[in-house]
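Structure provided below as structure tokens; questions to follow.
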Amino acid sequence: MSAIDPSLLDRLKEFVSISDLSKDGRLKLPPERALCEHFGMHRTSVRNVLSVLQSLGFIERKQGSGTFLKMPEPIFIQLYFELALRLNYISVDHLETAREMFEREIVQAAAVNHLEPELERLQALCDKIVNSTDVMEGLQADYDFHEQLAIMAKNPAILIIFQGLSSVLKKVLHQRRVLARQSPVAQEKTNETHIAIVAAVKTRRRELARQAMDQHFETWNQQTMRSYRQEADIVAGE
């Protein structure tokens, strides 16, 4: 795989570096004409650089308002993982292990750095996981629960990587997770671990939060694999 042209990377960084605060507090790039004059570039070249920044998710262009910097979307990280999976450079097990490593660190940071409104949202998502009678609703609440922990960790770099990684796992492990949510035993046991995570985060003690996440993954892996094997046995017996 060829590397991105270093001169393009430098140009992208230069464009970002000359942004200014707008009236509403957002970082805004100068107009195209000003960018052309500042960098001594043709308008076509300026537009090409802006297009790359937009495709990477670093800017948002609004007709009549201007070009604003924004938090990048995790789509390119997601694409990388999806392609790497298809090309057998990495496996689903690699992704699952990486996610577990991330979340063990994330939950510790969340315990220390969270704000009360964030904790309230985490509790609300936990309640939805526990009380939902709809499989898909419960699964979505589960995804949102873990993303909320990543938000509470207060590390944008970790959040972007986590979102890209989780998006891929959400696709490739969807059926296994549906089976686990359909099993009353598996659902009850994993519900208990989500409740324990919230309780541990509330204490603001890193070690307790990590222990709760360790138990969550141990229980989750046992129950999802048990449900998956049971379904495979049923299919094989037909």
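The values are calculated or read from the model by the stated rules, or taken from the named source; none is laboratory data. Everything quoted here is computed from the prediction, not taken from an experiment. Heads up, the Cβs are rebuilt from the backbone with ideal geometry, glycines too, and the neighbour counts pull from every protein chain shown. Keep in mind that these areas ignore ligands, DNA and RNA; they rest on the heavy atoms of the full protein, side chains included. Shrake-Rupley method; radii C 1.70, N 1.55, O 1.52, S 1.80 Å.
How big is the stretch 108-157 by the Kirkwood estimate over distinct Cα pairs, in Å?
Details: mean 1/r = 0.0899 Å⁻¹.
Answer for the stretch 108-157: a Kirkwood hydrodynamic radius of 11.1 Å.
Continuing with this model, one more query. In whole angstrom, how long is each semi-axis of the equivalent ellipsoid of the chain, when you take the square root of 5 times every eigenvalue of its Cα gyration tensor and sort them from largest down? Write out the running numbers ahead of the final one.
Values: eigenvalues 337, 102, 46 Å².
Ellipsoid half-lengths, sorted descending, are 41, 23, 15 Å.
Can you check what the net charge comes to around residue 30, using other residues whose Cβ is under 11 Å from the Cβ of residue 30 (Lys, Arg +1; Asp, Glu -1)? Each step should come with its number before you reach the end.
Working: positive: 28, 33; negative: 20, 32, 37.
Around residue 30, the charge tally is -1.
Suppose accessible area is computed on protein heavy atoms with a 1.4 Å probe; arrange 71, 213 from highest to lowest.
Values: 71 95, 213 0 Å².
Solvent-accessible surface, decreasing: 71, 213.
Assuming 0.36 nm per residue, please report the length gained on full extension of the stretch residue 204 to residue 140 beyond their Cα-Cα distance.
Length difference between fully extended and current span is 20.5 nm.
I would also like to ask the following. Using a 1.4 Å probe, how large is the accessible area of residue 10, given in Å² and rounded to the nearest 10?
Looks like 80 Å² after rounding.
What number, rounded to the nearest 500 deg cm²/dmol, is the helix-based mean residue ellipticity at 222 nm of the chain, given -39500 (n - 2.57) per DSSP H run of at least four residues and division by all its residues?
Computed mean residue ellipticity for the chain: -25000 deg cm²/dmol.
I would also like to ask the following. Given a cut-off of 25 Å, name the pairs among 128/202; 28/171; 128/171; 13/70 whose C-alpha atoms lie farther apart than that in the structure shown.
28/171
Can I ask one more? Leaving ligands, DNA and RNA out of it, rank 104, 43 by accessible area with a 1.4 Å probe, largest first.
43, 104
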